[in-house]
Amino acid sequence: MSAQFNLLHFFGRKFKELGEELSRQLVSKYFWRDLLVVFAGVLIYTVGFSFLIYPQRVTTGGLMGISNIITIITGVPVDVPYNLINITLLVIAFLFLDKNFFIKTLIGIGLLAVIVPIATRYVIPDPSNEAYWHLMVLKDQPLLALILGSMMTGLGLGFVFSVNGSTGGTDVIVALISRYRNMSFSRLYVATDSTIVLFSFIANVYLADIKIDPLVAFDKIVMSFIQVVLLGITMDWYTSGNRQSIQFLIFSQKYKEINDAITSRLHRGCTILEATGGYTGQPQKVLLVVVRKQQSVAISRVIEEIDPKAFVSQGAVKGVYGEGFESLKSLK
């Protein structure tokens, strides 16, 4: 009985946190603008993947890559495993990750759940129906299709990540591991996507209903690695080095309210420094905050919301080591 009560209490607290964050987002002047950015990012991503990458049987990284492998093996439409796995990962995100991230991830997944099935089912022509409407682009130029598709998917993800959202899938896994282990997002993405791409070779050669020649499969895996690299480069280009860290020095009379908001809503630590005004000689509190670059917009919005007159110094930090950032072992 006690275990059941604790479980109900745990879920009740999580739903309360979600309700509070949703109420805060709905009245925020940034929420609807962020929603448009997420929609644009999902649309660009869908066009790049569905019309350019998917028809070429080139396996991408992330959950879409896993779903593509399942489709190659079973013939099940790609949206079926994609949505089933995403539902599971959404539950994990709800229980363990930031509620702002969860809300925008839920929106991103919902949009993809509607758009991807429509796009992928009308891409490859049906030989039994000459009138079948299809939108397969650059079918005789796979390398060009790969380059353009990779750039579009990278740009789409950059849009979504820039407003602290995600398209679900392995983004949730990476965020979860990064929260509890001292590993950078970039290393986690490389490890996950490389594993998926390598397994695509086995799927295409040995497990697919329509198997392909090993040499052809090798060409595909090379193209897959090119796709992963191009996607990452494009996403980094848009987000302007999103894996950097940013240091804030915040001078405000409302430092306590800002500190409480950052620690409770964004789950980042703050350091309160003692300072003295050089001209006035008056004692003052200064907040020192170091965050990953993707959270810098959220920090700026919290400051503006609580004290629009605050004086803020913001600078890029070359390296941050310790809990929540890079491991100290990487210095060796």
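Would you check which residues across region 270-315 are part of a loop (DSSP other than H, G, I, E, B) and exposed (fewer than 15 other Cβ atoms within 10 Å of the Cβ) and list them? Show your work before the answer.
Within region 270-315, the subset part of a loop (DSSP other than H, G, I, E, B) is 270, 277-282, 307-310.
Listed by number, the residues that qualify are Gly277, Gly278, Tyr279, Thr280, Gly281, Gln282, Pro308, Lys309.
Residues that are at pLDDT below 70 and crowded, with 20+ Cβ neighbours inside 10 Å: which helices (runs of 4 or more DSSP H) entirely in region 131-239 hold 3 or more of them?
Details: elements: 142-161, 170-180, 185-202, 214-239.
The helices (runs of 4 or more DSSP H) meeting that bar number zero.
Say we look at region 56-78 and pick out the residues that are assigned to a helix (DSSP H, G or I) and modelled with pLDDT under 75; which of these is nearest to Gly154 (Cα to Cα)?
So, considering only residues that are assigned to a helix (DSSP H, G or I) and modelled with pLDDT under 75, the one nearest to Gly154 (Cα to Cα) is Met64.
So, Tyr30, is that one on the phi < 0 side of the Ramachandran plot, in contact (Cβ under 8 Å) with a residue 12 or more places away in the chain and buried (at least 21 other Cβ atoms within 10 Å of the Cβ) or not?
Taking the combined requirement at face value, the residue does not satisfy it.
Tell me whether region 248-263 contains one or more residues that are assigned to a helix (DSSP H, G or I), out of contact with any Phe, Trp or Tyr (no Cβ under 7 Å at 6 or more places or on another chain), among the small types (Gly, Ala, Ser) and over 20 Å from Phe311 (Cβ atoms).
No, that holds for no residue.
I'm trying to understand the selection: among the residues of region 1-32, which are of a type in the set (Ser, Thr, Tyr) and either modelled with pLDDT under 70 or not in a helix (DSSP H, G or I) (or both)?
Within region 1-32, Ser2, Ser28, Tyr30 qualify.
May I ask you to verify whether Lys285 is over 26 Å from Gln56 (Cα atoms) and touching a Phe, Trp or Tyr at 6+ places or on another chain (Cβ under 7 Å)?
yes
With the requirement that a residue be among the hydroxyl-bearing types (Ser, Thr, Tyr) and free of Cβ contacts under 8 Å to residues at least 24 places away in the same chain, what does region 82-111 give you?
Within region 82-111, Thr88 is the sole residue that qualifies.
The values are calculated or read from the model by the stated rules, or taken from the named source; none is laboratory data. As the structure is a computational prediction, the values presented were derived from the model and not from experiment. We place every Cβ from the backbone using ideal geometry, glycine too, and count neighbours over all the protein chains shown.
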